[in-house]
1. From the list SER75, SER90, which one is within 19 Å of LEU23 (Cβ to Cβ), in contact with an Asp or Glu (Cβ under 6 Å, 6 or more places away or on another chain) and of a type in the set (Ser, Thr, Tyr)?
2. Filter region 194-242 for residues that are assigned to a loop (DSSP other than H, G, I, E, B) and of a type in the set (Val, Ile, Thr) and give the result.
3. Looking for whichever is touching a His at 6+ places or on another chain (Cβ under 6 Å) and not basic (Lys, Arg) here; the options are PRO230, PRO207. Which one fits?
4. Residues in region 205-222 that are surrounded by fewer than 18 Cβ atoms within 10 Å (Cβ to Cβ) and at pLDDT 95 or above: how many?
5. Can you tell me which residue in region 251-261 is modelled with the lowest pLDDT, limited to those that are at negative phi and surrounded by 14 or more Cβ atoms within 10 Å (Cβ to Cβ)?
6. May I ask you to verify whether GLU84 is touching a residue at least 24 places away in the same chain (Cβ under 8 Å), crowded, with 21+ Cβ neighbours inside 10 Å and farther than 19 Å from LEU224 by Cβ?
7. Among the residues of region 143-155, are any more than 21 Å from PHE58 (Cα to Cα), touching a residue at least 40 places away in the same chain (Cβ under 8 Å) and basic (Lys, Arg)?
Amino acid sequence: MDNYILIDSHVHLHPSWDLEQFLNCAHKNFQKFREAKNSPLPLTAVLMLTESLNLNRFAQIKNNIANSAAKTITSGKWQLSLTEEKNSLSCTLNNQDKIIIIAGRQIISQEGLEVLALGTEKEFKPGLSLNETIEQILEQKALPVMTWGVGKWLGKRGKIIKKLIHSPYAPKIFLGDIGGRPFFWAFLSLFKQARAKKIKILRGSDPLALEPQIHKVGSFGFSLKAELNPQKPGKDLLNLLRKPDLKPKPYGKPANLLNFFTVQLQIRIKKNKKD
């Protein structure tokens, strides 16, 4: 049987979330899709972090590992260790199933668009133009991903995304789909245009800063038939995703009607409490 990896390409590890629970929730969701494939092989999965400004739990975890005498730390039944690269960590369960955490950032451009930089620890300056933001991500040899969000691709911003899809940047960028997109929101025309330009669409769960959302981690993503170098998994994965003929196979379902409106209500309640 071919080896394959499961990848959630839009993950937040919010400050209030427990690391062990975070890994356990991801593992539970990844397991569902591995079992659907009836694979006897140990699980290999990837969580690609997209951390926002002034938040870097990846660096905190990495520093804890580096400062430990054994160069490993445990979180429940998970053993976390460094790799030979700066942008990835290895998390192993019972010396068998493995989840790789890859660093990444979330940036808001001058136009109010959300851009992901997958595969880098670097913290980027917000508020630059979209083109400047993409250029800075490419300079770091990371993947620039324009990710969908509720209302973020409408009107003027939607026209900017359309222009980008048909620009010279097309071979270098990706679009992002998220698990919070409701099923009734038809597969967007911008996604269809991107596919026609051979721009890959990377899927991710995008769990919000609400406690129940931790259970979404790993539930929406894609799979690849591949093996990653255990010491350089980040480099391997980024190189794979850049291949023009690669076809990520999606897994997971968009949000149902009840979940979508429940989450939107919870977001507004939380915002009002802060105000």
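The values are calculated or read from the model by the stated rules, or taken from the named source; none is laboratory data. All values reported here derive from a predicted model rather than from experimental measurement. FYI the Cβ positions are ideal-geometry reconstructions off the backbone, even for glycines, and counts take in every protein chain you see.
1. Criteria check complete, one pass: SER75.
2. ILE199, VAL217
3. Values: PRO230 fails: touching a His at 6+ places or on another chain (Cβ under 6 Å).
The match here is PRO207.
4. Qualifying residue count, region 205-222: 1.
5. Our first condition is that a residue be at negative phi; within region 251-261, this holds for 251, 253-261.
Filter again for surrounded by 14 or more Cβ atoms within 10 Å (Cβ to Cβ), leaving 251, 254-255, 259-260.
Values: TYR251: 94, PRO254: 81, ALA255: 71, ASN259: 70, PHE260: 59.
Out of the qualifying residues, it is PHE260.
6. For GLU84, the condition - touching a residue at least 24 places away in the same chain (Cβ under 8 Å), crowded, with 21+ Cβ neighbours inside 10 Å and farther than 19 Å from LEU224 by Cβ - is not met.
7. Yes, region 143-155 contains a residue that is more than 21 Å from PHE58 (Cα to Cα), touching a residue at least 40 places away in the same chain (Cβ under 8 Å) and basic (Lys, Arg).
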